[in-house]
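What follows is a short report on a single structure.
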């Protein structure tokens, strides 16, 4: 039984384990906006996604539901990034499998709302990728701690550039404490 791409239970978590709701392309206005792998128009933008095609062919919503997960299609998947960090792709898939998609959905929804706040109130036009990566890679309790620190350190009427710099600084401190690098990794040219 082939599934239609739109027949997924939760649209912000991709079949392969990427967090679509935390991707900069998902939060972009205009023609380059990505609707997520289960969203309307995804096939027109990304017609050759092998993992999505495979999951559709097998009739499963998420790769972690497959008896062969993780298969050879995942070899090297978490070593480089595209528009979104792939670093936690397997970890997030495993987490969704362990706690269930409903619990994972709740956590991802909360992260997505925090990201929306960051983009609306702290993005000076140059921080979208940074905030997407930070919210994607840090654990939710740490993100909440960062948000409390950010909101307590800068006055509401402070210039956006100052608010943004402070937010980046606090996220970077938390990431350093956790040993997490907050930048996309390019594919090696070998």
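We did not get these values from a lab; they are worked out from the coordinates using the rules stated. All values derive from a computational prediction rather than experimental measurement. Ideal geometry is used to build each Cβ from the backbone, glycine not excepted, and the neighbour counts take in all protein chains shown.
Below are the figures for this structure:
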{"quantity": "FRET efficiency estimate (nearest 0.05) - Cβ-Cβ, residue 66 to residue 126, R0 30 angstrom", "calculated": "0.15"}
{"quantity": "Relative contact order [Cα under 8 Å, 6+ residues apart], the chain, whole percent", "calculated": "22"}
{"quantity": "Segment residue 158-residue 83, extension gain: residue separation times 0.36 nm, minus the distance between their alpha carbons", "calculated": "23.9 nm"}
{"quantity": "Between 0 and 90°, nearest 10: helix 89-99 axis offset from the chain longest Cα axis", "calculated": "80"}
{"quantity": "Selected from 154, 146, 168 as most flexible by GNM, with the chain as the system and alpha-carbon contacts under 10 Å", "calculated": "154"}
{"quantity": "Distance from segment 50-84 to segment 123-190 (C-alpha centre basis), Å", "calculated": "28"}
{"quantity": "Relative pair counts by distance (%), Cα atoms of the chain, 5 Å bins", "calculated": "1, 8, 16, 19, 20, 16, 10, 6, 3, 1, 0, 0"}
{"quantity": "Cα-based helix-to-principal-axis angle, 101-121 vs the chain, degrees rounded to 10", "calculated": "40"}
{"quantity": "In degrees, nearest ten, helix 160-178 long axis to first principal axis of the chain (Cα)", "calculated": "60"}
{"quantity": "Spherically averaged projected area in nm², based on the convex hull that wraps the Cα atoms of segment 98-190", "calculated": "7.7"}
{"quantity": "Spacing of the two label points (7 Å from each Cα toward its C-beta) at residue 169 and residue 75, in nm", "calculated": "4.7"}
{"quantity": "Å³ per residue enclosed by the Cα convex hull of segment 81-127", "calculated": "76"}
